[in-house]
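Data first, discussion second: the structure below is written as structure tokens.
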Amino acid sequence: MKFDQLNLIAPLLNALQQKGYTEPTPIQEQSIPHLLERKDLFGCAQTGTGKTAAFALPILQLMHEDGDAARNPYVHALILAPTRELALQINESFDAYGKLLGLRNAVIFGGVSQHPQEAALRRGVDILIATPGRLLDLMQQGLVKLDRVRYFVLDEADRMLDMGFIHDIKKILSKLPAKKQTFFFSATVPEEIRSMAGALLHNPIRVNVTPVSAPAETVQQSVYFVAKEQKRFLLKRVIEDQGIDHVLVFTRTKRGADRVARDLTKSGIKAESIHGDKSQNARQRALQGFKDRKVQVLVATDIAARGIDVVQLSHVINFEIPEVPETYVHRIGRTGRAGASGIAITFCSPDETDYLKDVQKLIKRTLKTEVTPNLPPAPPRVVPEGGSSQRPQRKSFTRNPPKSNSSSSGQRATATSRKRY
Ligand code: AMP
């Protein structure tokens, strides 16, 4: 299947050619023809499947056919995304695909001054990409009107719920016209998402591309068993021994991300961390440095990393195993994209073996065990009763799953404990 069989107009085909994309990904192939017929979409797809183009291309084409480039001052398409990083990436996609159509897109998100965003809105925006909080803020100030929206995308709906955006989203939804085409994406489909989609969508087409329990077959997955205190030595060793020159490393906490990046930098490996406590500028700088390959190792927490889109990321390392097994699948989905091969390496310390079991149960396979090399001895630990010397503020039950409880449900993090990261 080629893009020119999907009924796309020439300017979009040209833009795709310039990007070097020749064949649509499965979600693009399965959804674009229906979306061009103005159907709603329920897409069960994670980042890395090409979902952005699956909604951006039809929206651009339909708006072009509608004559929206006639420079009237209304937002006709609204795309909601949970994080700034994802919003920026979606905006870049609209830049790339839409540059020959004369439609104006803009992105707004919190944590930065609102003035440039305000100025862009005043100049007129056809396609608005936004995170919920800042959008609501600007709506309340009377700077954005959404009563002419005809195309609405809710991206990563499950993550929106996780991050506590549900009330903001409901408020935004109440300002949208009833008649519109809705594109709904979620990587996982818990009950809450199912009912939300049911309320939002009319007779949608359903596309389910890579269920979250199935990481890309092209990703090689393996695990090293290692003491918690030796993980930092192992990280350096694996990077050097395997000649890894570009890798995304995941930690569970913001402090952990900082510490890992600092340790690597001290040992001469160029590393940066990104997480929610860093300023927008610092995050963008780190991300850009990583994209430009000036930064060899990017250390991220799950929320900060959501949607990081670096084409051809070869390696992902789980410095710590996530408490929620689906997160493992999201993490390793950063590599092995669009058919490319990838390598996902996981470090498992004794207190994480139950998390590893949960992951293996979800993905229905056992990770290949690597031989852990000889590492410098861990510094002696002074562990207070029930706590960790490194993270005394964390409650031990979230770090150390109960050994006697082998059922996975008892070990999953609650929404509340996840929000801390
Ligand atoms: P997404 O899931 O939308 O974040 O896209 C994942 C990555 O795949 C991004 O780097 C896209 O630019 C890229 N991509 C999207 N569509 C295609 C395609 N048809 N062929 C190759 N790469 C693509």
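The values are calculated or read from the model by the stated rules, or taken from the named source; none is laboratory data. Computed from a predicted structure; not experimentally measured. As a convention, Cβ positions derive from the backbone with ideal geometry for all residues, glycine included, and neighbour counts pool all protein chains shown. Side chains included, ligands, DNA and RNA excluded: accessible areas come from the protein's heavy atoms. Shrake-Rupley method; radii C 1.70, N 1.55, O 1.52, S 1.80 Å.
So between Q18 and R194, what do we pick up on full extension, going 0.36 nm a residue minus the alpha carbon distance? Before the final figure, lay out the partial values.
On the way: separation 176, 0.36 × 176 = 63.36 nm, distance 3.73 nm.
Between Q18 and R194, full extension yields 59.6 nm more.
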Judged on accessible area alone, 1.4 Å probe, highest first, M1, M160 line up as M1, M160
For R38, the accessible surface traced by a 1.4 Å probe with all protein chains present amounts, in square angstrom to the nearest 10, to 110
Going residue by residue through the range 43-50, the Karplus relation 6.51 cos²θ - 1.76 cosθ + 1.60 with θ = phi - 60° gives ³J(HN,Hα) values, rounded to whole Hz and with x marking Gly or Pro, of x, 8, 7, 9, 4, x, 9, x
Averaged over all viewing directions, the convex hull of the alpha carbons in the range 219-369 casts a projected area in nm² of 8.2
Once the in-chain neighbours fewer than 8 apart are removed, the aspartates and glutamates whose Cα is under 16 Å from K175 read D137, D147
Regression test value, accessible area per residue of the range 219-369, probe 1.4 Å, units Å², expected 37
Subtracting the Cα-Cα distance of E65 and S341 from 0.36 nm times their residue separation yields 95.5 nm
The answer for V153, listing residues at least 5 apart or on another chain whose modeled amide H is closer than 5 Å to its amide H, is L78, I79, L80, F183
For N203 and I9, extending 7 Å from Cα along the Cα-Cβ vector and measuring point to point gives, in nm, a value of 2.6
Counting only residues 5 or more apart in sequence or on a different chain, those whose built amide H sits under 5 Å from that of N208 are C44
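Students sometimes get this wrong: rank T22, T335, T366, T188 by accessible area, probe 1.4 Å, all chains present, largest first.
Values: T22 90, T335 0, T366 110, T188 30 Å².
Putting T22, T335, T366, T188 in descending order of accessible area: T366, T22, T188, T335.
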Rounded to whole Å², per residue accessible area for the range 58-162 with a 1.4 Å probe reads 34
Looks like the range 37-193, by Cα gyration tensor root eigenvalues a ≥ b ≥ c and the a/c under 1.5 rounded cutoff (else prolate when a/b is bigger than b/c, oblate otherwise), is rounded
Between the modelled labels at A96 and K179 (7 Å from Cα along Cα→Cβ) the distance in nm is 3.5
For the range 146-151, in residue order, the Karplus 3J(HN,Hα) values (coefficients 6.51, -1.76, 1.60; θ = phi - 60°; whole Hz; Gly and Pro = x) are 10, 6, 10, 5, 10, 10
Under 5 Å from the placed amide H of V295, counting only residues 5+ away or on other chains, we find F290
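Say the cut-off is 18 Å between C-alpha atoms; which of K231/K266; K145/K171; K39/K180; K228/K278; K291/K368 go over it? Numbers along the way, then the final one.
Values: K231/K266 15 Å; K145/K171 13 Å; K39/K180 10 Å; K228/K278 25 Å; K291/K368 29 Å.
From K231/K266; K145/K171; K39/K180; K228/K278; K291/K368, over 18 Å: K228/K278; K291/K368.
Find how much the distance from T218 to T366 grows on full extension, using 0.36 nm per residue of separation minus their present alpha carbon separation; answer in nm with one decimal. Could you put the intermediate results ahead of the total?
Working: separation 148, 0.36 × 148 = 53.28 nm, distance 1.57 nm.
Gain on stretching T218 to T366: 51.7 nm.
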With a ≥ b ≥ c from the Cα gyration tensor eigenvalues, square-rooted, and the rule rounded for a/c under 1.5, otherwise prolate when a/b > b/c and oblate otherwise, the range 49-90 is oblate
For the range 192-208, in residue order, the Karplus 3J(HN,Hα) values (coefficients 6.51, -1.76, 1.60; θ = phi - 60°; whole Hz; Gly and Pro = x) are 4, 5, 4, 6, 4, 4, x, 6, 8, 9, 10, 6, x, 7, 10, 10, 10
Share of accessible surface on carbon and sulfur in the range 219-369, whole %, 1.4 Å probe and ligands ignored, is 49
To the nearest 0.05, the calculated FRET efficiency linking A120 and I166 through their beta-carbon distance, R0 being 30 Å, is 0.65
